[in-house]
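Before any comments, here is the structure.
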Amino acid sequence: MGNREDLLAGARRCLEEKGYLRTTVRDIASAAQVSMAAIGYHFGSREALLNQALFAAMDEWAAGSGRLAGQGETAAERYADTWDRKIQDFADMRWLWTANVEAFVHAQSSPELLAILAEEQRKSRPMVAAQLRGVPQDEVAEGDVRALGSVHIALLTGVMVQCLTDAEGAPNGREIVRGLRTMVELLER
């Protein structure tokens, strides 16, 4: 690997071990076994390098998360199974989700990062809506992108935060489905 690849690998290790906010230039350079100046040369800043490493890890996770599918026979059972897998990911890859929350906090004082995160959400909405509908992304109606995609991302974020703060008290897949059904009943009154 070259310095650039070593820096990305080092930044990822630092994200896993220290998180987004506590990782320093010195930490990354040490993990990558390159000079601190190499960060500026290849990425411009610590933040740009950490962002790239974090987004690469998120892309890796998204590629592995696949389509909406589970072991259950009904759509509700498959959805619950999918949630159980996501909740397990929150436990297994706690570092990734914590780093995401830290990046969001940091973005409140970094317009550049805030713009990147907003764009990533905009790109995720149609993908999520397509997964939920079981159709190719280019066949998703704009209404589904705005409603279904946005609501599912909001639900995902909320469940993630619950899992990070109170794993034992966070809902499981069946409880999420039951809660959504109850919400629909309440809204139809």
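The values are calculated or read from the model by the stated rules, or taken from the named source; none is laboratory data. A quick note: this is a predicted structure, and the numbers were derived from the prediction, not measured. We place every Cβ from the backbone using ideal geometry, glycine too, and count neighbours over all the protein chains shown. For accessibility, only protein heavy atoms count, side chains too; no ligands or nucleic acids. Shrake-Rupley method; radii C 1.70, N 1.55, O 1.52, S 1.80 Å.
Within region 133-153, residues that are more than 24 Å from I176 (Cα to Cα) and open to solvent by 60 Å² or more (accessible area, probe 1.4 Å) have Cβ atoms under 9 Å from residues that are assigned to a helix (DSSP H, G or I) and not hydrophobic (A, V, I, L, M, F, W, C) in these pairs: Q137/P126; Q137/Q131; D138/P126; E139/R133; E142/P126, counting only partners at least 6 apart in sequence or on another chain. Just so you know, in region 118-157 the residues that are small (G, A, S) and under 16 Å from the mean Cα position of the chain (by Cα) include one that is nearest to A56 (Cα to Cα), and it is S124. Residue check: R174 meets all listed conditions (1) open to solvent by less than 80 Å² (accessible area, probe 1.4 Å); (2) more than 25 Å from D59 (Cβ to Cβ) but one, namely (1). Once region 108-117 is narrowed to residues that are in a loop (DSSP other than H, G, I, E, B) and free of Cβ contacts under 8 Å to residues at least 60 places away in the same chain, the residue that is nearest to the chain's Cα centre (by Cα) is Q108.
E120: in contact with a helix residue (DSSP H, G or I) (Cβ under 9 Å, 6 or more places away or on another chain), open to solvent by 50 Å² or more (accessible area, probe 1.4 Å) and touching a residue at least 60 places away in the same chain (Cβ under 8 Å), yes or no? Yes, satisfied.
Report yes if R189 is outside any helix (DSSP H, G or I), open to solvent by 80 Å² or more (accessible area, probe 1.4 Å) and at pLDDT below 95, otherwise no. Here the answer is yes, as R189 does meet what is asked. When V101, V105 are checked against the criterion of being open to solvent by 80 Å² or more (accessible area, probe 1.4 Å), closer than 24 Å to V25 by Cβ and touching a residue at least 60 places away in the same chain (Cβ under 8 Å), a single residue qualifies: V105. Kindly establish whether Y79 is touching a residue at least 40 places away in the same chain (Cβ under 8 Å), among the aromatic types (F, W, Y) and farther than 30 Å from G134 by Cβ. Spelling it out, it is not the case that Y79 is touching a residue at least 40 places away in the same chain (Cβ under 8 Å), among the aromatic types (F, W, Y) and farther than 30 Å from G134 by Cβ. Applying the selection to region 22-55, what residues are in a helix (DSSP H, G or I), under 20 Å from the mean Cα position of the chain (by Cα) and charged (D, E, K, R)? If the condition is that a residue be in a helix (DSSP H, G or I), under 20 Å from the mean Cα position of the chain (by Cα) and charged (D, E, K, R), then E47 is the only one that fits. Please count how many residues of region 1-44 are in contact (Cβ under 8 Å) with a residue 60 or more places away in the chain, under 23 Å from A115 (Cβ atoms) and surrounded by fewer than 18 Cβ atoms within 10 Å (Cβ to Cβ). Adding up the residues that qualify gives 2. Quick one: is E47 among the charged types (D, E, K, R), open to solvent by less than 70 Å² (accessible area, probe 1.4 Å) and either touching a Ser or Thr at 6+ places or on another chain (Cβ under 8 Å) or within 30 Å of V128 (Cβ to Cβ) (or both)? Judged against the criteria, E47 is a match. Residues in region 79-89: is at least one within 13 Å of the chain's Cα centre (by Cα), surrounded by fewer than 18 Cβ atoms within 10 Å (Cβ to Cβ) and in a helix (DSSP H, G or I)? Checked region 79-89: at least one residue is within 13 Å of the chain's Cα centre (by Cα), surrounded by fewer than 18 Cβ atoms within 10 Å (Cβ to Cβ) and in a helix (DSSP H, G or I). Of L164, L113, all but one fail to be open to solvent by less than 60 Å² (accessible area, probe 1.4 Å) and at pLDDT below 95; the exception is L113.
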